[in-house]
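The structure appears below as structure tokens.
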Amino acid sequence: MANKEIILTPEGRQKLVEELEYREGEKHDEIVERIKEARGFGDLSENAEYDAAKEEQSQNESRVNEIRHILATAKVVESGADAHLSVSIGTTVELEDAKGKRMSLTIVGTTETDSINHKISNESPAGMALIGHVVGDQVSFNTPSGKVREYKIVNITR
């Protein structure tokens, strides 16, 4: 990931900023308090609460560093004047299959992917197949299970 460009939507950047603030503030304070309490239990060499709190502290610090790196190096894509004309990062695409079934996908940067909320990476097979297309275009892509899916783009929104 060191040489790979990280792309974020403005919403994705804001979520990372909020997570960073939480982890550096409230979460950090909670962990420090847990460490203090665990020290009060005596011998640190056999103190499971202390070990767990120190592990959580390490994981929190790693995530803080990761978020800082992403925020420092990521390219934030803003909506352009022609955003409604073609699929790009940050757009929501409404697709229709041959049977008339519709679904919506939002194209996001890799770090924002959330399949439960239909946010797909610009680097996924579906994301790569959709980017640059306009309403009315037919697109096809392979699903993770290897099936080829074909859809018509019926709407694009930002």
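The values are calculated or read from the model by the stated rules, or taken from the named source; none is laboratory data. Just so it is clear, the model here is predicted, and its values are computed rather than measured. Note that we place each Cβ from the backbone using ideal geometry, even for glycine, and neighbour counts take in every protein chain shown. Calculation scope for accessible area: heavy atoms of the full protein, side chains included, ligands and nucleic acids excluded. Shrake-Rupley method; radii C 1.70, N 1.55, O 1.52, S 1.80 Å.
Given (1) closer than 20 Å to Gly12 by Cα; (2) open to solvent by 30 Å² or more (accessible area, probe 1.4 Å), identify the lone condition not met by Ile89.
(2)
Identify the residue in segment 102-133 that is small (Gly, Ala, Ser) and touching a strand residue (DSSP E or B) at 6+ places or on another chain (Cβ under 6 Å) and, among all such residues, is nearest to Glu5 (Cα to Cα).
Residues of segment 102-133 small (Gly, Ala, Ser): 104, 109, 115, 121, 124, 126-127, 129, 132.
With touching a strand residue (DSSP E or B) at 6+ places or on another chain (Cβ under 6 Å) added as a condition, the list becomes 104, 109, 126-127, 129.
On the way: Ser104: 26, Gly109: 10, Ala126: 19, Gly127: 16, Ala129: 19 Å.
Among those that are small (Gly, Ala, Ser) and touching a strand residue (DSSP E or B) at 6+ places or on another chain (Cβ under 6 Å), it is Gly109.
Residues in segment 112-140 that are closer than 28 Å to Arg13 by Cα, among the hydrophobic types (A, V, I, L, M, F, W, C) and in a strand (DSSP E or B): how many?
Keep residues of segment 112-140 that are closer than 28 Å to Arg13 by Cα, which gives 112-135.
Cutting the leftovers down to among the hydrophobic types (A, V, I, L, M, F, W, C) gives us 116, 120, 126, 128-131, 134-135.
Among the residues that remain, those that are also in a strand (DSSP E or B) are: 120.
The number of residues fulfilling the criteria is 1.
Please specify each residue of segment 1-11 satisfying the condition of being in a helix (DSSP H, G or I) and open to solvent by less than 70 Å² (accessible area, probe 1.4 Å). So that I can check it myself, show each step before the final result.
Step one: list which residues in segment 1-11 are in a helix (DSSP H, G or I), which gives 10-11.
Passing the criteria: only Pro10.
Of everything in segment 12-50, what is touching a residue at least 12 places away in the same chain (Cβ under 8 Å) and open to solvent by 70 Å² or more (accessible area, probe 1.4 Å)? Give them in sequence order.
Correct list: Arg13, Lys15, Glu24, His28, Arg34, Glu37, Glu49.
Do we find a residue being part of a helix (DSSP H, G or I) and either within 30 Å of Glu66 (Cα to Cα) or aliphatic (A, V, I, L, M) (or both) anywhere in segment 101-110?
Here is the first cut: in segment 101-110, the ones part of a helix (DSSP H, G or I) are 110.
Now drop any that are not either within 30 Å of Glu66 (Cα to Cα) or aliphatic (A, V, I, L, M) (or both), which leaves 110.
Yes - at least one qualifying residue is present in segment 101-110.
Taking segment 64-79 as the search range and keeping residues that are in a helix (DSSP H, G or I) and open to solvent by less than 30 Å² (accessible area, probe 1.4 Å), which one is modelled with the highest pLDDT?
Step one: list which residues in segment 64-79 are in a helix (DSSP H, G or I), which gives 64-73.
When the remaining residues are screened for being open to solvent by less than 30 Å² (accessible area, probe 1.4 Å), the result is 64, 67, 70.
On the way: Val64: 95, Ile67: 92, Ile70: 88.
Checked segment 64-79; the qualifying residue modelled with the highest pLDDT is Val64.
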